[in-house]
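Report on the following structure.
FYI, it's all coordinate maths here, none of it is from the lab. Everything quoted here is computed from the prediction, not taken from an experiment. All Cβ positions, glycine included, derive from the backbone under ideal geometry; neighbour counts span all protein chains shown.
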Amino acid sequence: MTAVAHPPEPAPAGPFELSGGALCLDFANTWADRARPQTDQLTGYPALLAFARQTGGLDARGALRLARRAAGQPRAATATFAAARDLREALARLFAARARARPAAAADLARVNAALAAALPHLRLEARDGDFAWTWDTAAADLASPLWPILRSAAELLASEDLARVRQCDGESCTWLFLDRSRTRSRRWCSMASCGNRAKARRHYQRKRGE
């Protein structure tokens, strides 16, 4: 008897480092060091589903549904993943430009606006226990739906006062983005345990060499 091929299960949720302070920054940070391709965690459509699961954009049932659809439409899934990677890099450049007080590239803003225009028609209000909440219409199982909450997060941050708090790590090759919530707004590192300590060690070494 011929074995029946089953669609792959979606990747489990995470683990992604979620310390950027905003969903869109966490998405940009799925590639922490763009000088090293091996640090890119967004390696395929299943990884996009895993990110959405970890960040609350999908539950296990929704992720499985999209994984099965992707298995049945591999070309569409590949195209969606390529678009997700392009969007991530556009967001990373937009926020990095803001963090470094440089002008934003018009092409990057256009890329985000085009994706946002496709996402927003799926935004809905839902009644919940006498109140209302934003939600997404996922009935059609659109392969791009994991990107919709990310786009909304990016639009809200870009148009908010918190944009002035966006920073990029001062690490030598780290491209990590984060919201600086420190009282003095002087945070420089993604983490003192990593880039901060490495910079401290370099300064110590240079002082010793200069003695």
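Taken over segment 23-168, the percentage of Cα pairs per 5 Å bin, counting from 0 up to the bin with the maximum distance, is 2, 9, 18, 21, 21, 15, 9, 4, 1, 0. Taking amide H positions as placed in the peptide plane 1.01 Å from N, state which residues far from ARG34 in sequence (5 or more) or on other chains have amide H under 5 Å from it. Sorted by chain and number, the residues that satisfy this are THR175.
Magnitude of the charge dipole for segment 23-168, about its Cα centre and with charges confined to Cβ atoms of Lys, Arg (+1) and Asp, Glu (-1), is about 500 debye.
Residues in segment 80-92 carry Karplus couplings, in order, of 5, 5, 4, 5, 5, 5, 4, 5, 4, 5, 4, 5, 4 Hz; the curve used is 6.51 cos²θ - 1.76 cosθ + 1.60 with θ = phi - 60°, and Gly or Pro positions show x.
Dipole orientation for segment 23-168: of the candidates HIS122, ILE150, ALA28, ALA28 has the Cα lying most toward the positive pole (charges on Cβ; Lys, Arg +1; Asp, Glu -1).
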